[in-house]
Amino acid sequence: MTLNEYQGVRIFNRPVKMLGTALMVYVYLVDGMLVDSGPHRLQQSVGAFCSRWGIDKIVHTHFHEDHTGNTAYLRHQFQIPAYVHPSSLERLQHNGSIPFYRLAYWGKRPGFKADPLPNLIENHSSRFHVIPTPGHTSDHVVFLDKEHGRLFSGDLFVHPKTRIVMSTENIPQVMESLRRILQENFETVYCAHAGVIKNGYHLVKQKLANLEALQDQIFTLQEKGLSRKAINRKLFPETPPITYYSFGEWSSHHLVRSLADNQKET
Ligand SMILES: [Fe+2]
């Protein structure tokens, strides 16, 4: 069942379709605060969602275009401030330079002016701690409402079993971020692609355990003398379509490489 509201959080969700596949996008509105603005292809419906429920600020989990695609439009439309990690202020002032397949999938990302995210966001009736969780991107943060046990996780979680990642992701860093967040008390995870996860703490823990088990497997196979390419073929024998149409930007190979790289450093 698709939820429209949970724990006082208004939930926007739409599939974005391309080449016979569909990716879900979730945008959340809590106490006037929009968490990520969604991809530009959904501009009209995100705009209508914000008009309907009222919005007084936009905060972003990271700079990717499916999280920042409508911010320029919403800022102009509602005359509201936008906040991003300080390291992305400059980048987001300019129109996004986006690979073709992502442009086709999500749409463009017009530049916008933002303010740096504070450590704590105080709304009318909620407080969110801004916790750095790098790895998916270096500017990634999550928003934690300790009082209500709500975690807005951007792209930190997405799936309990990681099979493919982007070439730019640092997976040992993702694991550190998962460990960091598991030190906190929360129950519900509001994920940008998987939706509202009521047993979120448990699933975040499971994701970390799965990555640790995968890392162990990779180390064992490396010790047996297998190359990264051979390890990838053995652990992930099927290549998903996105690996082809993203020209390799999304691949299980990057997952293996990133975890294997970690061993070299220790
Ligand atoms: Fe992302």
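Within region 213-234, residues that are free of Cβ contacts under 8 Å to residues at least 24 places away in the same chain and over 12 Å from LEU255 (Cα atoms) have Cβ atoms under 8 Å from residues that are of a type in the set (Val, Ile, Thr) and part of a helix (DSSP H, G or I) in these pairs: LEU221/ILE231, counting only partners at least 6 apart in sequence or on another chain. Of the residues making up region 111-131, not one is in contact with a Ser or Thr (Cβ under 8 Å, 6 or more places away or on another chain) and assigned to a strand (DSSP E or B). Residues of region 1-20 that are in a loop (DSSP other than H, G, I, E, B) and farther than 22 Å from GLU187 by Cα: LEU19, GLY20.
Tell me, please, whether a residue that is in contact with a Leu (Cβ under 6 Å, 6 or more places away or on another chain) and within 15 Å of the ligand (Cβ to nearest atom) can be found in region 11-26. Yes - at least one qualifying residue is present in region 11-26. If I filter region 47-59 down to residues being under 26 Å from SER138 (Cα atoms) and out of contact with any Ser or Thr (no Cβ under 6 Å at 6 or more places or on another chain), which single residue comes out as nearest to the ligand (Cβ to nearest atom)? By that ranking, first place goes to VAL59.
What do you reckon, is LYS198 away from the ligand (no atom under 16 Å from the Cβ) and either closer than 23 Å to LEU29 by Cα or at pLDDT 95 or above (or both)? Yes; evaluated as a whole, the condition is true for this residue.
In summary, helices (runs of 4 or more DSSP H) completely within region 60-110 and bearing 1 or more residues that are away from the ligand (no atom under 16 Å from the Cβ) occur at 71-78, 89-93, 100-106.
Counting only residues that are free of Cβ contacts under 8 Å to residues at least 60 places away in the same chain, among the hydrophobic types (A, V, I, L, M, F, W, C) and more than 10 Å from the ligand (Cβ to nearest atom), which one in region 149-171 is farthest from HIS62 (Cα to Cα)? So the residue we want is LEU151.
Being part of a helix (DSSP H, G or I) and over 22 Å from SER167 (Cα atoms), is that true of even one residue in region 21-41? Yes, some residue in region 21-41 is part of a helix (DSSP H, G or I) and over 22 Å from SER167 (Cα atoms).
The values are calculated or read from the model by the stated rules, or taken from the named source; none is laboratory data. The shown structure was predicted, so the numbers you read here are calculated from the model rather than taken from an experiment. Counting neighbours? That spans all protein chains shown, and the Cβs are built from the backbone with ideal geometry, glycine included.
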